[in-house]
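Heads up: the structure comes next, in structure tokens.
The values are calculated or read from the model by the stated rules, or taken from the named source; none is laboratory data. Computed from a prediction, not measured in an experiment: that's the story for all the values here. Note: ideal-geometry Cβ built from the backbone for every residue, glycine included; neighbour counts use all protein chains shown. Side chains included, ligands, DNA and RNA excluded: accessible areas come from the protein's heavy atoms. Shrake-Rupley method; radii C 1.70, N 1.55, O 1.52, S 1.80 Å.
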Amino acid sequence: MNIVITGSGKGIGKGLAEKFASSENQVFLCSRTEEDLINITKEVNKRNPGAVIKFLVVDLSRKEEVLRFTDWIAAQGVTVDILINNAGQFIPGSVYNEEEGTLEKMIEINLYSAYHITRALLPEMMSRKKGHIFNICSIASLQAYHNGGSYSISKFALMGFSKNLREEMKPYNIKVTSVYPGATLTPTWEGADLDPGRILEVSDIVDMIYTASQLSPQACVEDLLIRPQLGDLP
């Protein structure tokens, strides 16, 4: 299968790239940092010499870059089976005191990137009546929390986009899954003083997404909510 994964240089995106590439799929990746993409390609090919990984360095907060990425995918001459909209950014703060322009930044990368990529890749999926789209939302999509600010606003919007898309794609047999990870040990938490028992592993999220992608054609996991066993971090 052909898998497109955005924001795949680190964290969950990197884990997803490693998981799908190791299963003899062809994966198409993007990130803003070329070094990350080169490193993941080397790591995967070392463990699995037969893996086919292609990547493009793009900034998905800019629409023209989003379309450059989707044009590049189209130029590969492949049909996309799975799209994972994982690209995102977290800027902490509150509505009343966050830096001017934070909302625009969060909406551009956390919502608009998924919207524009999906719109570009959907026509081919719809014509085949086949495909699966995963939107990596957040527990911040479900409940406001301290210091969430515009990040949480953008993730609520991504959830709305995902749920709306799910209804629209039913007649075309295209699956849409909204993923709501709790606190996960990614670079976002670097430097934080955390109890390892209170935070999810990247593999927890990756394994659940992969499993959801392997179900029969008539089964769709609509919402995938994963929290630490002891609940959200305070």
Accessible area per residue of the chain at 1.4 Å probe, in Å²? 49
Here are some pairs, LYS105/LYS129; LYS54/LYS163; LYS10/LYS155; LYS42/LYS63; LYS155/LYS175; which of them have Cα atoms lying more than 26 Å apart in this structure? LYS105/LYS129; LYS54/LYS163; LYS42/LYS63
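Where the accessible area of the chain is counted over protein heavy atoms with a 1.4 Å probe, how much of it, in %, is carbon and sulfur? Don't skip to the answer; put the middle values down first.
Numbers: 5860 of 11520 Å².
The nonpolar share, carbon plus sulfur, comes to 51 percent.
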I'd like the Kirkwood hydrodynamic radius of the chain, using the inverse of the mean 1/r over distinct C-alpha pairs, in Å. 18.0
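Compute the FRET efficiency between LYS46 and SER203 as 1/(1 + (r/R0)^6), taking r as their Cβ-Cβ distance and R0 = 22 Å, and round to the nearest 0.05.
Values: r = 19 Å, r/R0 = 0.84.
Here the calculated transfer efficiency is 0.75.
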Heavy-atom accessible area of LEU225, protein chains in place, probe 1.4 angstrom, given in Å² to nearest 10, is 90
Between the residues MET159, LEU103, PRO123, the Cα farthest towards the positive end of the dipole of the stretch 70-181, that dipole coming from +1 and -1 charges on the beta-carbon of Lys, Arg, Asp and Glu, is from PRO123
Residue by residue, what Karplus-based ³J(HN,Hα) values in Hz, rounded to whole numbers, does the stretch 26-34 have, using 6.51, -1.76 and 1.60 with θ = phi - 60° and x for Gly and Pro? 9, 10, 10, 10, 8, 6, 7, 10, 4
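Nearest-5 percent of antiparallel DSSP beta bridges in the chain?
On the way: 0 of 28 bridges.
Counting only bridges with both partners in the chain, antiparallel ones make up about 0 percent.
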Under 5 Å between amide H atoms, partner at least 5 residues away or on a different chain: which partners does LEU224 have, H built in plane at 1.01 Å? SER178, VAL179, TYR180
